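Data block below; observations after.
The values are calculated or read from the model by the stated rules, or taken from the named source; none is laboratory data. This is a predicted model, so every value here is computed, not measured. Quick reminder, even Gly has a Cβ in these numbers, built from the backbone with ideal geometry, and neighbours come from all protein chains shown. What goes into the accessible areas is simple: the full protein's heavy atoms, side chains included, and nothing from ligands, DNA or RNA. Shrake-Rupley method; radii C 1.70, N 1.55, O 1.52, S 1.80 Å.
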Amino acid sequence: MNDSLNRHFSRRMFLGSGTAAAAAFAIAGAGAGSLIAAPAAAAAGRSVPLINPVVPQRADPWLMKHTDGKYYFTGSVPEYDRIIVRSSPTIAGLGSAGEAVVWTRPASGTMGGHIWAPELHHFDGKWHIYFAAGDSNDVFRVRIYVISTAAADPTTAKWEPPVRVFTHADTFSLDATTFEHGGTRYLLWAQSDTGVNSSLYIASMSSPSTLSSAPVRIAVPTMDWETRGFKVNEGAAVIKRNGRIFVTFSASATDANYCMGLLTADENAELLDAASWTKTPTPVFTTNEGSKQYGPGHNSFTVDEAGNDVLVYHARSYRNIVGDPLYDPNRHARVQRLHWNADGTPNFDIPVGDGELPVRLEPASASGTLLAHDGVTVTAASSPMLGASQFRLAPGYAKKNSVVIEPVLTKGRYLRVQGSTVTVATTEGSSSAFLQRGGLSDATGTSFESVDFPGSFLVLRDGALVLAKVGKNERAAATFFLRP
Ligand code: AHR
């Protein structure tokens, strides 16, 4: 087991009741249209949902589901010269959706510099896009602006000219996001601060472009994981659940050091009081060698077609970058299910990686458990760490209609069989292709028949996964329910 995998397991294995409840939530929450893997979705009779990355080369991804039922997407383009918007009836459709350029920077002068991290919001009967713009003679002299329109469709709208959003100082300010709570609209943004590149600030708003309270600093990068390369707290995003307001933010340089932290306030707290906000001591979402995801961050939140929470973020699929990371174009937009712990906090776990979204497998013979691996063997566990229980059902490539089963934590290694033994391996000469069949004990489940050993199935036997002919009392042990 490689070092990072080992660290991962030693640090996180069997988190305890939190994950069990999260698993229960996921099991209970699995519904039509949930974000599940392509073959798994097909097996479940649903349209193929999506494959990560959802939208290539769109960093700082912002995705929202509007009251018209459509998804609207925007993000930073590698050229940092324009604002684009995509719309689609489904999240999966965003990848092939047309892209409208709704605003382009002027050829020179104010706002002629870098155009960063646009966000689409709809409130007070209008669309608003918040973004940061530099100047042509100083592309990093970024300040916050907003454009608005009363049109129904932001992809075809005529937008009003940009309006500057003034904060407490005329300094480097970016990554504005807005949310409403308790009848008050707030703005959260990043701004340069003494001794650091950027801290997070909050203020109330009296209009889409005007603050109505003195800005309050609620997060400063001080910990090691926030100050690698650059001392940064930026890219705030808000989700309100379970009586709390959760604000994710991104930290450190935009290379593989980039990661996410979390601020939490009680929903009844005074949000303009810095003391109301608690920052996690460690990052909640980081680079993962196992899933080959690097620099995950600048996230947003939405819900899938079935109403389940979804985390939207960018990440690269390689660690080493030539030159300035800011000009590496491959921060791709990605999505994954957002799980929740028993204590009501979000469980971000790991960035699941390129390809189909993972599923978790609940054995019909061991209800409430989930298959999980330790990097080598697969067993049924009652409260496994999320990432260790996530498997990608990907096309079998060599063998038509077959699938390989790829643990998200071991990108490029699959469940392989040699004899009756099932292991996570890259061993050539073993078999990794399976046919997804209707569940042998329950048609709503799935059974996996070996392509190379017809008649033999994956079976949970004595708590471990093996390949075997299914005994007359083992039909449930060879049936697995797919969970998001
Ligand atoms: O992606 C451009 C800028 O780089 C974003 O505004 C910021 O979040 C990131 O650091």
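Among the residues making up region 352-409, those that are more than 17 Å from T446 (Cα to Cα), in contact with an Asp or Glu (Cβ under 8 Å, 6 or more places away or on another chain) and not in a loop (DSSP other than H, G, I, E, B) are G355, L386, G387, A388.
The single condition among (1) touching a Pro at 6+ places or on another chain (Cβ under 9 Å); (2) free of Cβ contacts under 8 Å to residues at least 60 places away in the same chain that L460 does not satisfy is (2). Listed by first and then second residue, the pairs linking a residue in region 100-114 that is among the polar types (S, T, N, Q) to a residue that is open to solvent by 40 Å² or more (accessible area, probe 1.4 Å), with Cβ atoms under 6 Å apart and 6 or more places separating them unless they lie on different chains, are T104/R82; S108/S136. Of V101, V139, V146, all but one fail to be within 16 Å of the ligand (Cβ to nearest atom), among the hydrophobic types (A, V, I, L, M, F, W, C) and open to solvent by 20 Å² or more (accessible area, probe 1.4 Å); the exception is V139. On the stretch given as region 244-268, residues that are open to solvent by 30 Å² or more (accessible area, probe 1.4 Å) and either touching a residue at least 40 places away in the same chain (Cβ under 8 Å) or away from the ligand (no atom under 16 Å from the Cβ) (or both) total 6. In the set (1) assigned to a strand (DSSP E or B); (2) farther than 19 Å from H66 by Cα, T178 fails one condition alone, (2). Of all the criteria given as (1) within 16 Å of the ligand (Cβ to nearest atom); (2) in a strand (DSSP E or B); (3) out of contact with any His (no Cβ under 8 Å at 6 or more places or on another chain), the one not satisfied by R228 is (2).
One residue stands out among those in region 292-324 that are more than 16 Å from the ligand (Cβ to nearest atom) and open to solvent by 70 Å² or more (accessible area, probe 1.4 Å): the one that is nearest to H66 (Cα to Cα), which is E305.
Among the residues of region 100-120, the ones that are touching a Pro at 6+ places or on another chain (Cβ under 9 Å) and at positive phi come to 1 in all.
Residues of region 413-450 that are open to solvent by less than 40 Å² (accessible area, probe 1.4 Å) and not in a strand (DSSP E or B): S430, S432, A433, G439, G445. Pairing each residue of region 122-137 that is over 17 Å from S76 (Cα atoms) with any residue that is away from the ligand (no atom under 14 Å from the Cβ) and of a type in the set (D, E), provided the two are 6+ apart or on different chains, yields C-beta distances under 7 Å for F123/E180. Being open to solvent by less than 40 Å² (accessible area, probe 1.4 Å) and either in a strand (DSSP E or B) or acidic (D, E) (or both), is that true of even one residue in region 275-291? Looking through region 275-291, at least one residue is open to solvent by less than 40 Å² (accessible area, probe 1.4 Å) and either in a strand (DSSP E or B) or acidic (D, E) (or both).
For (1) open to solvent by 20 Å² or more (accessible area, probe 1.4 Å); (2) among the hydroxyl-bearing types (S, T, Y); (3) within 16 Å of the ligand (Cβ to nearest atom), each residue gets a yes or a no:
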{"site": "Y72", "(1), (2), (3)": "no, yes, no"}
{"site": "V85", "(1), (2), (3)": "no, no, no"}
{"site": "A92", "(1), (2), (3)": "yes, no, no"}
{"site": "H128", "(1), (2), (3)": "no, no, no"}
{"site": "F131", "(1), (2), (3)": "no, no, yes"}
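Is there a residue being basic (K, R) and over 25 Å from T254 (Cβ atoms) anywhere in region 120-137? Scanning region 120-137 turns up at least one residue that is basic (K, R) and over 25 Å from T254 (Cβ atoms). Within region 104-113, the set of residues being within 16 Å of the ligand (Cβ to nearest atom) and under 22 Å from P154 (Cβ atoms) comprises R105, M111. Candidates P154, P118: the one that is under 26 Å from S87 (Cβ atoms), assigned to a loop (DSSP other than H, G, I, E, B) and either away from the ligand (no atom under 14 Å from the Cβ) or modelled with pLDDT of 95 or more (or both) is P154. Within region 331-352, identify whether any single residue is within 16 Å of the ligand (Cβ to nearest atom) and either open to solvent by 10 Å² or more (accessible area, probe 1.4 Å) or of a type in the set (S, T, Y) (or both), and answer yes or no. Checked against the condition, which is being within 16 Å of the ligand (Cβ to nearest atom) and either open to solvent by 10 Å² or more (accessible area, probe 1.4 Å) or of a type in the set (S, T, Y) (or both), region 331-352 yields at least one hit.
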